[in-house]
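Colleague: Please find one structure pasted underneath; my questions will follow.
The values are calculated or read from the model by the stated rules, or taken from the named source; none is laboratory data. Note that the structure is a prediction, hence the values are computed from the model and not measured. Quick reminder, even Gly has a Cβ in these numbers, built from the backbone with ideal geometry, and neighbours come from all protein chains shown. For accessibility, only protein heavy atoms count, side chains too; no ligands or nucleic acids. Shrake-Rupley method; radii C 1.70, N 1.55, O 1.52, S 1.80 Å.
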Amino acid sequence: VENLQLNENVQIPILGFGTYQLRGDECRQAVGTALEVGYRHIDTADRYQNHSAIANAIRESGVARQDIFLTTKIWWDRQHYDQVMSDANRFLEELQTDYIDLLLIHWPNRKIPLTETVKAFTELKDRGVIKAIGVSNFNIHHLTDALNMGLQITNNQIEFHPSLNQKEMIRFANEHRIVLTAYSPLAQGQDLNIPLLLELAEKYHRSVSQVILNWIMSKNIVAIPRSSSRQYIEDNFQSLRWQLGVEDIEKIDQIGGTNRINDPGFGDFKY
Ligand SMILES: NC(=O)c1ccc[n+]([C@@H]2O[C@H](COP(=O)([O-])OP(=O)(O)OC[C@H]3O[C@@H](n4cnc5c(N)ncnc54)[C@H](OP(=O)(O)O)[C@@H]3O)[C@@H](O)[C@H]2O)c1
């Protein structure tokens, strides 16, 4: 799996495995299958309540810890200094590891002073508890505030798929050397029936899901599809090692749209 550079010491595999809504045995099995198939990047969050299941899957897989890239996230109302420090320690225990590759602020929260969050993340990074710092669901204003505050943002994990293709954010992230990660890359299944994508799947003898993931990765954006079935986990891994033609990439770009699926009440996209 190809990597993208996050900071001078850390690279992130361009394809990862999402674990939202997977818990317990289902999660352990899915992550085990993903590791067996060849995924080396697992995306989780405190909120998903599956750290322990993931730790068990990793242990049972026999894959060395240093060969796996682990991302987790601080929940949006836990961004005070003491909360971040104690949560990060708890994550290490739950994940049965002594470091986290990438720790994200799950959602922006302007009610908590950013200085506190920045201090905690910076200390964790200096101590080697986390290898890279990132955020999620930040718009350009949130990113600008945090960058001005000195947060060393290497990654912004955002909802991204053909029907929500975030052109402005791509431009901003490129300018500031922030790697983007596409979450809900399949729009939780909603984009799998778009006629153009069905056409392209036929043209390339690929699944629609592979076409979408290949399109995302063609932009040097990380994709983290989730599935609980071996068939889909394998299918999605086949999005690697082939390329859509430039003219077809541009056609998919034209789908555009504002089909945002993840928009909780506390989201702050209008800032
Ligand atoms: N930072 C955030 O706020 C945030 C928010 C949402 C998600 N995420 C992350 O992004 C990951 C992915 O997003 P997501 O879970 O929302 O949705 P997604 O990956 O876009 O879609 C998952 C759905 O697509 C189906 N699917 C997967 N592969 C398929 C294939 N090859 N063919 C047909 N259907 C397929 C799955 O079916 P089955 O379940 O039947 O296998 C599942 O219902 C999450 O798991 C999580 O790690 C982050």
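Colleague: Once phi is turned into θ = phi - 60°, what whole-Hz ³J(HN,Hα) does the Karplus curve with 6.51, -1.76 and 1.60 give for every residue of the range 27-33, x standing for Gly and Pro?
Modeller: For the range 27-33, the Karplus-derived couplings read 5, 4, 5, 5, 5, x, 4 Hz, x marking Gly and Pro.
Colleague: Are there trypsin sites (Lys or Arg not before Pro) in the range 36-79 that DSSP marks as loop and that have at most 10 other Cβ atoms within 10 Å, and which are they?
Modeller: Answer in residue order: no site qualifies.
Colleague: At most 15 other Cβ atoms within 10 Å and a DSSP loop assignment: could you name the chymotrypsin sites (Phe, Trp or Tyr not before Pro) in the range 142-251 that fit?
Modeller: Passing both the DSSP loop test and the Cβ count: W242.
Colleague: Okay, moving on. List every residue whose amide H lies under 5 Å from the amide H of N155, counting only residues 5 or more places away in sequence or on a different chain, with H placed 1.01 Å from N in the peptide plane.
Modeller: V135, V179
Colleague: In whole Hz, with x marking every Gly and Pro, tabulate ³J(HN,Hα) for the range 204-215 from phi via Karplus 6.51 cos²θ - 1.76 cosθ + 1.60, θ = phi - 60°.
Modeller: 9, 6, 10, 7, 4, 4, 4, 4, 4, 5, 5, 4
Colleague: Using a 1.4 angstrom probe on heavy atoms only, work out the carbon and sulfur share of the accessible area of the range 26-70 in %.
Modeller: 36 percent
Colleague: Ok, one more. From Cα pairs below 8 angstrom and at least 6 apart in sequence, can you work out the relative contact order of the chain, rounded to a whole percent?
Modeller: 19 percent
Colleague: Right, something else. In Å and from the alpha-carbon atoms only, list the Rg and Dmax of the range 151-243.
Modeller: 13.5, 44
Colleague: With unit charges on the beta carbons (Lys and Arg positive, Asp and Glu negative) and the dipole taken about the Cα centre of the chain, which residue among A53, S163, T71 sits farthest to the positive side?
Modeller: Ranked along the dipole, the leading option is T71.
Colleague: Whose amide H sits under 5 Å from the amide H of Y183, counting only residues 5 or more places off or on another chain, with H placed in the peptide plane?
Modeller: Amide H neighbours of Y183, under 5 Å, 5+ apart: I158, E159, F160.
Colleague: If you don't mind, there's one more thing I want to ask. Compare F269, F91 by solvent-accessible area with a 1.4 Å probe and give them largest first, with all protein chains kept in place.
Modeller: Sorted descending by solvent-accessible area, the residues read F269, F91.
Colleague: May I ask you to evaluate 6.51 cos²θ - 1.76 cosθ + 1.60, the Karplus curve with θ = phi - 60°, for each residue of the range 184-198 and list the ³J(HN,Hα) values in order in whole Hz, giving x for glycine and proline?
Modeller: Once rounded to whole Hz, the list reads 6, x, 9, 6, 6, x, 5, 8, 6, 10, 5, x, 4, 6, 5.
Colleague: What translational D, rounded to a whole number of µm²/s, comes out for the range 189-239 from Stokes-Einstein when the hydrodynamic radius is the Kirkwood one over Cα pairs, at 4 °C and 1.567 mPa s?
Modeller: 116 µm²/s
Colleague: So for the chain, Kirkwood radius off the Cα pairs, Stokes-Einstein at 25 °C and 0.890 mPa s: how many µm² s⁻¹?
Modeller: After rounding, the answer is 131 µm²/s.
Colleague: With unit charges on the beta carbon (Lys/Arg positive, Asp/Glu negative), name the residue among P108, G38, T97 whose Cα is farthest towards the positive pole of the charge dipole of the range 1-156.
Modeller: Projecting each Cα onto the dipole axis, the largest value belongs to P108.
Colleague: From the helices alone, meaning DSSP H stretches of at least four residues, give me the mean residue ellipticity at 222 nm for the chain, per-run term -39500 (n - 2.57), in deg cm²/dmol to the nearest 500.
Modeller: -12000 deg cm²/dmol
Colleague: Which value in Å is the Kirkwood Rh of the range 225-271 over different Cα pairs?
Modeller: 14.3 Å
Colleague: Can you tell me what percent of all Cα-Cα pairs in the range 1-153 are more than 24 Å apart?
Modeller: Distances greater than 24 Å cover 30 percent of the Cα pairs.
Colleague: Mind putting a number on the dipole of the range 118-165 about its Cα centre? Charges go on the C-beta only, +1 for Lys and Arg and -1 for Asp and Glu, and I need it in Debye to the nearest 20.
Modeller: 180 debye
Colleague: Over the range 59-215, average the accessible area per residue using a 1.4 Å probe and give it in Å², no decimals.
Modeller: 42 Å²
Colleague: Taking the range 131-177, which trypsin sites (Lys or Arg not before Pro) meet the DSSP loop condition and have no more than 14 other C-beta atoms within 10 Å?
Modeller: Taking the range 131-177 and a limit of 14 other Cβ atoms within 10 Å, the loop trypsin sites (Lys or Arg not before Pro) found are R177.
Colleague: Please tell me the relative contact order of the range 102-255 in percent, rounded to the nearest whole number, where contacts are Cα pairs under 8 Å and at least six residues apart.
Modeller: Once normalised by length, the contact order is 18 percent.
Colleague: Sticking with this structure for a sec: Just need the relative contact order of the range 149-224 here, percent rounded to a whole number, with Cα pairs under 8 Å and 6+ apart.
Modeller: Worked out over the range 149-224, it gives 33 percent.
Colleague: Within the chain, how many lysine pairs that are 8 or more places apart, or on different chains, have C-alpha atoms less than 15 Å apart?
Modeller: Close lysine pairs found across the chain: 6.
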